[in-house]
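Following: one structure in structure tokens, then a few remarks.
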Amino acid sequence: MFEKILVAIDKSDITNKILDATVEISLNKKTQVTLVNVCHVYVSNGLTYIPENFLEELLNEIEKASLEQLHQAKSKLASAGIKTETVHLKGDPAHEILNYAKDTAQQLIIIGSRGLSGIKEMMLGSVSHKVSQLSSCPVLIVH
């Protein structure tokens with residue numbers, strides 16, 4: 001049914017459920033699965049009293065952790081017989097996921113929900129909520 005699936009992962013506990021859902025949807029089908037992790041890089045210019053290379057080292061560590069998450073997820077899907085590609089993006093997660101999905105003509109986005117509701121979701125926003133509202137393709141939100 002879906003030939004191109006974008007799977008958005010992060011460091012949350014729900015990542016294993018997202019990957020399990022991906023296996024169920026993709027197994028024994030000719031599906032191109034793309035794992036995406038977005039680093040939300042926000043640095044305030046008002047920081048004082050920090051070592052000269054601190055921000056650069058911090059950003060490198062964030063990127064390294066993101067690439068490791070992608071590697072682990074790819075290994076899990078590979079053990080189930082699913083070939084994947086990985087993409088590391090930087091910026092606002094919802095925006096980057098939506099742009100990548102549109103630019104690469106994805107047919108389904110699989111994303112997790114952290115379970116924010118009420119005031120927290122209204123104040124903080126929800127990546128899965130934004131993606132589901134603005135996506136031009138179907139979105140599967142895993143709880």
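The values are calculated or read from the model by the stated rules, or taken from the named source; none is laboratory data. The structure presented is a predicted model; accordingly, all values stated were derived computationally and were not measured. Every residue, glycine among them, receives a Cβ derived from its backbone with ideal geometry; neighbour counts consider all protein chains shown. Surface accessibility is based on the protein's heavy atoms, side chains included, excluding ligands, DNA and RNA. Shrake-Rupley method; radii C 1.70, N 1.55, O 1.52, S 1.80 Å.
Of the listed values (i) 121; (ii) 157; (iii) 385, identify the label whose number matches volume of the Cα convex hull per residue in Å³ calculated from this model.
(i)
As a check on your grasp of the helix formula, calculate [θ] at 222 nm for the chain: sum -39500 (n - 2.57) over DSSP H runs of n ≥ 4, divide by the residue count, round to the nearest 500.
Rounded to the nearest 500, the figure is -14000 deg cm²/dmol.
Skip the ligands, DNA and RNA, and give the accessible area per residue of the chain with a 1.4 Å probe, whole Å².
64 Å²
Quick one: pull the percent of accessible area on the chain belonging to carbon and sulfur, 1.4 Å probe, ligands and nucleic acids left out.
Heavy-atom surface of the chain belonging to carbon and sulfur, 1.4 Å probe: 53 percent.
Hey, if you put +1 on the Cβ of every Lys and Arg and -1 on every Asp and Glu Cβ in the chain, which of 131, 95, 41 ends up farthest toward the positive end of that dipole?
The one lying farthest along the dipole's positive direction is 131.
With only Lys, Arg, Asp and Glu charged, each at its Cβ (+1 for the first two, -1 for the last two), find how big the charge dipole of the chain is about the Cα centre; round to the nearest 20 debye.
The calculation lands at about 600 debye.
With each pseudo-label sitting 7 Å past Cα toward Cβ, what's the residue 27-residue 130 distance in nm, one decimal?
In this crude label model, residue 27 to residue 130 measures out at 3.4 nm.
For residue 3, put the label point 7 Å out on the Cα→Cβ axis and report which residues of region 93-113 keep their amide N under 17 Å from it.
Inside the label zone: 102-109.
Please report the equivalent ellipsoid semi-axes of region 52-107, computed as sqrt(5 x eigenvalue) of the Cα gyration tensor, largest first, in whole Å.
After scaling each eigenvalue by five and taking roots: 25, 19, 6 Å.
Ranked highest first by the average count of other Cβ atoms within 10 Å around their residues, in what order do 24-33, 53-62, 86-95 fall?
Sorting 24-33, 53-62, 86-95 by mean packing, highest first, produces 86-95, 24-33, 53-62.
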